[in-house]
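Remarks on the structure that follows.
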Amino acid sequence: MSGGEDGNINAVTAHPHTPAEAWNTLMAGNARFVEGTSNHPNQDATRRASLLATQHPFVMIFGCSDSRLAAEIIFDLGLGDAFVVRTAGHVVDNTALGSLEYGVEYLEVPLIVVLGHDSCGAVTATKSAVATGNMPAGFVRDLVERITPSVLASLRKDQDSTVNDMVEEHVKQTAARLVENSPIIANAVARQRTAVIGLTYRLDDGTADLVYSNGSIHQ
């Protein structure tokens, strides 16, 4: 169904059931967003009413809390399409991991996406803390401590790593950690029921680039 500048709030996306179908649907939505032809699917009253009793999202997006990273917008999704978990710097804690496990175990979501973005403030703060030794105050310190391993790994690869290099490394490490730390997610990936991928989002042109993949996303 075509979109266009007038927007089509009654557009409906086919419901993906496999990791590959979910991946293709997600990337098609991002392409529309980049081109300025978003369909704005599944956003009408009929869709809202259909979700009163249940939900069947086809993707879980674990992304940074940055206001410029609104997942449903940049992937042209609607109500009931995406189960979204967000923390600053997509930092994994028990609550975030439990939320993702819920999506796998109870909602049978076929695709988990770790979504980072360039110029990430949390990664920038961590880069500064590593360089100066000055840690931020309050609970921001906890974020920085959790991102530090990714920053150090990036620096080990290249002492001249930029913030965006560190973001990519952090996306990769976060995605790998989901599988390593969660038997529920690891089992779903092993059974090819779910795939885990990592994407980095470009603020300037709106594209999302694949930087990590565990599971079959190609048909």
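Some points to look at:
- Peptides 134-147, 56-69 ordered by average Cβ neighbours within 10 Å, highest first: 56-69, 134-147
- Each of L203, F75, M166 was scored by the projection of its Cα onto the charge dipole of the chain, and the greatest displacement toward the positive side belongs to M166; charges sit on the C-beta of Lys, Arg, Asp and Glu.
- To the nearest ten degrees, helix 19-35 and the longest principal axis of the Cα atoms of the chain are 90 degrees apart.
- Label of the coordinate-derived value, Cα extents along the principal axes in Å, listed as (1) 45, 43, 38; (2) 57, 38, 29; (3) 54, 39, 34: (3)
- Cα long-axis angle, helix 140-157 against the chain (0 to 90 degrees, to the nearest 10): 80
- Rounded to the nearest 20 debye, the dipole magnitude of the chain is 480 debye, with +1 charges on Lys and Arg beta carbons, -1 on Asp and Glu beta carbons, and the Cα centre as origin.
- Amide H contacts of M60 (H built 1.01 Å from N, under 5 Å, at least 5 apart or other chain): F83, L111, I112, V113
- Of all DSSP beta bridges in the chain, antiparallel share, percent nearest 5: 25
- Net charge over other residues, Cβ less than 14 angstrom from the Cβ of R86 (K, R count +1; D, E count -1): -2
- Amide H to amide H, with H built 1.01 Å from N, N42 comes under 5 Å of A11, V12, T13, counting only residues 5 or more places away or on other chains.
- Angle in degrees between helix 163-181 and the longest Cα principal axis of the chain, rounded to the nearest 10: 70
Throughout, read-outs are computed from the coordinates displayed, never taken from laboratory work. These figures come from a predicted structure and were not determined experimentally. In this analysis, Cβ positions are derived from the backbone assuming ideal geometry, glycine residues included, and neighbour counts consider all displayed protein chains.
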